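Notes for the one structure printed next.
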Amino acid sequence: MLGTIVNSLAILFGGSAGLLLRGGISERYKEIIISVLGLSVAFIGLSTALEGLMSGEAEPILYIISLVLGSIIGEFIKIEQRIESVGDIIQHKIGSNGGNVSQGFVMASLTYCVGTMAILGAIESGIQGVHTTLFTKSVLDGITAIIFASTLGIGVLFSAFSVFVYQGILTLLASYIQQYMTGDMMREISIIGGIMIFAIGINMLEIKKFKIGNMLPAVFIPVIFYLPPVHMVFEFITSLF
């Protein structure tokens with residue numbers, strides 16, 4: 001759990017530093033920072049997805065189906081709405097001085113939890129006791145938290161709790177998850193995660209509003225697809241055409 005603890009603390013410290021800067025930044029410059037940050041996030045997501053696609057071994061149908069099914073499942077169980085409700089509860093507790101807590105909490109939580117570094121890092125931490133990936137992620141998340149909090153407010157700090165719970169669960173279950181994590185599976189998860197991060201950037205740029213929280217189940221559909229019995233059935237069906 002050391003890597004996850006360090007990661008959560010990095011977000012807390014980075015977010016706290018960002019809050020100190022928040023009061024000294026005018027709305028005009030906050031808009032500029034958010035726009036540039038949104039563009040950067042979109043680029044990171046796009047490059048992550050393209051890296052998996054350029055391998056030549058990606059399953060285009062799989063990530064499309066995963067995103068569609070994941071979004072439908074997420075909408076049905078109202079994941080985004082539930083995450084926003086947590087932000088609204090925090091907003092109610094601390095009052096209006098915290099800015100738009102729900103927006104900062106949701107956006108930061110999704111940015112930090114979506115992606116292969118969170119999954120691989122947590123598994124490495126749980127099985128091998130190696131925290132290098134999560135330590136690297138901690139530095140990146142800490143720096144991002146400074147920028148996020150300086151523009152989105154205190155909600156970013158509470159995303160540290162999301163990271164702690166999400167990565168903590170993966171770390172504790174690592175010995176059970178690891179046997180199923182093949183290279184093909186991680187490639188597809190990386191592509192899906194990259195597309196979702198790209199969508200977060202689009203949201204920040206206010207080009208279109210995607211319910212990223214509802215897409216979260218999409219990350220786990222490749223896990224089901226690459227389970228030996230399911231994958232064998234798929235290969236048998238495709239061999240008939």
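The values are calculated or read from the model by the stated rules, or taken from the named source; none is laboratory data. Quick caveat, the model's predicted, so the values are computed rather than measured. Glycine gets a Cβ as well: all are built from the backbone with ideal geometry, and neighbour counts include every protein chain shown.
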Original post:
Of the numbered conditions (1) over 17 Å from the mean Cα position of the chain (by Cα); (2) crowded, with 19+ Cβ neighbours inside 10 Å; (3) not acidic (Asp, Glu), Leu110 satisfies every one except a single condition; which is it?
Top reply: (1)
Subject >> Tabulated pairs, the stretch 181-207, first farther than 18 Å from Gly70 by Cβ, second polar (S, T, N, Q) and modelled with pLDDT under 90, C-beta under 7 angstrom, 6+ apart or interchain >> reply: Leu205/Ser35
Original post:
Taking the condition of a type in the set (S, T, N, Q), in contact with a helix residue (DSSP H, G or I) (Cβ under 8 Å, 6 or more places away or on another chain) and over 23 Å from Phe164 (Cβ atoms), does Ser8 pass?
Top reply: no
Subject >> Among (1) buried (at least 22 other Cβ atoms within 10 Å of the Cβ); (2) modelled with pLDDT under 85; (3) more than 25 Å from Val6 (Cβ to Cβ) - the single one Ser66 does not satisfy >> reply: (2)
Original post:
Are any of the residues in the stretch 108-123 part of a helix (DSSP H, G or I), more than 19 Å from Thr48 (Cα to Cα), at pLDDT below 85 and out of contact with any Leu (no Cβ under 6 Å at 6 or more places or on another chain)?
Top reply: yes
Original post:
Quick check: anything in the stretch 34-45 under 17 Å from Gly213 (Cα atoms), touching a helix residue (DSSP H, G or I) at 6+ places or on another chain (Cβ under 6 Å) and at pLDDT 90 or above?
Top reply: no
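Would you check if there is a residue in the stretch 149-169 being part of a loop (DSSP other than H, G, I, E, B), in contact (Cβ under 8 Å) with a residue 40 or more places away in the chain, loosely packed, with under 14 Cβ neighbours inside 10 Å and not aromatic (Phe, Trp, Tyr)?
Among the residues of the stretch 149-169, not one is part of a loop (DSSP other than H, G, I, E, B), in contact (Cβ under 8 Å) with a residue 40 or more places away in the chain, loosely packed, with under 14 Cβ neighbours inside 10 Å and not aromatic (Phe, Trp, Tyr), which makes the answer no.
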**OP:** May I ask you to list the residues in the stretch 190-221 that are closer than 23 Å to Tyr176 by Cβ, surrounded by fewer than 23 Cβ atoms within 10 Å (Cβ to Cβ) and of a type outside the set (A, V, I, L, M)?
**Re:** Pro217, Phe220
Subject >> Candidate set: the stretch 51-63, residues that are loosely packed, with under 13 Cβ neighbours inside 10 Å and either of a type in the set (A, V, I, L, M) or in contact with a Gly (Cβ under 7 Å, 6 or more places away or on another chain) (or both); chosen: the one modelled with the highest pLDDT >> reply: Ile61
**OP:** Would you check if Ile146 is in contact (Cβ under 8 Å) with a residue 60 or more places away in the chain, hydrophobic (A, V, I, L, M, F, W, C) and farther than 16 Å from Leu12 by Cα?
**Re:** no
